[in-house]
1. I'm trying to understand the selection: among the residues of the range 143-157, which are open to solvent by 50 Å² or more (accessible area, probe 1.4 Å), touching a helix residue (DSSP H, G or I) at 6+ places or on another chain (Cβ under 7 Å) and not in a loop (DSSP other than H, G, I, E, B)?
2. Considering the range 38-68 alone, what residues qualify as being touching a residue at least 40 places away in the same chain (Cβ under 8 Å) and within 19 Å of PRO162 (Cα to Cα)?
3. Can you say whether ALA111 is in a helix (DSSP H, G or I), within 23 Å of the chain's Cα centre (by Cα), hydrophobic (A, V, I, L, M, F, W, C) and within 30 Å of ILE6 (Cα to Cα), as far as the supplied structure shows?
4. Taking the criterion of being open to solvent by less than 60 Å² (accessible area, probe 1.4 Å) and touching a Phe, Trp or Tyr at 6+ places or on another chain (Cβ under 7 Å), would at least one residue in the range 13-24 satisfy it?
5. Among (1) modelled with pLDDT under 90; (2) more than 10 Å from the chain's Cα centre (by Cα); (3) open to solvent by less than 80 Å² (accessible area, probe 1.4 Å), which single condition is LEU133 missing?
6. Checking the conditions here, which among ILE49, ILE4, ILE38 is over 19 Å from the mean Cα position of the chain (by Cα) and within 13 Å of TYR140 (Cα to Cα)?
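The values are calculated or read from the model by the stated rules, or taken from the named source; none is laboratory data. Quick caveat: nothing in here was measured; it's all calculated off a predicted structure. Methodologically, a virtual Cβ is constructed for each residue, glycine included, from the backbone with ideal geometry; neighbour enumeration extends over all protein chains shown. The protein model used for the area step is the full one, side chains on, heavy atoms only, and it has no ligands, DNA or RNA in it. Shrake-Rupley method; radii C 1.70, N 1.55, O 1.52, S 1.80 Å.
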Amino acid sequence: MANIGIILTASIKNNLRAKSLVIGFTAISLFIAAGLVIFFSVVFINPLIQTESPDKAELEMYLGLITYTACIIGLGVNLNVFSFQSMAKEKSRGNMESLLAAPLKVKDIWAAKSLAVFIPGSAIGILFGLIALFSLNMIYFMQKTGFIITAWMAVSCFIAAPLMYLCLTF
């Protein structure tokens, strides 16, 4: 278990070494998430907000779905990019054979490699969710209904989605 930290740090550095790839796919996922947030807010939230008395439960539902979607996009795109890039590099360089020949447990290597893929993707996904939540609250809700966040919205976006992707990474 003590070797996980060393392998994890080395794997994260290895994953982030190709800066153009990381920046490119993070920008692509940001554009996709921003496009979906804008589309869904124009289609669903804008008509509701312009009524005389907007239904707060419906607004909460749409805000929760949009925030969850932004978080999932950030997690999913980056998780797939980091895992594919990492495994392809490891195989071509022969690093995996070296790690397996070292006096390390296979479970430690597996856990460290999985966490090295999960941690950056999780940070980006949660950041996208927070950006969507705060920007939509500032644009639409602060004037009419005040800042909207519910417990279910926070749990689904910032706890359940990363946990789901953690299970997928392992």
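1. LYS144, TRP152
2. Passing the criteria: LEU63, GLY64, ILE66, THR67, TYR68.
3. yes
4. Yes, there is a match, as at least one residue in the range 13-24 is open to solvent by less than 60 Å² (accessible area, probe 1.4 Å) and touching a Phe, Trp or Tyr at 6+ places or on another chain (Cβ under 7 Å).
5. That leaves (1) as the condition not met.
6. ILE49
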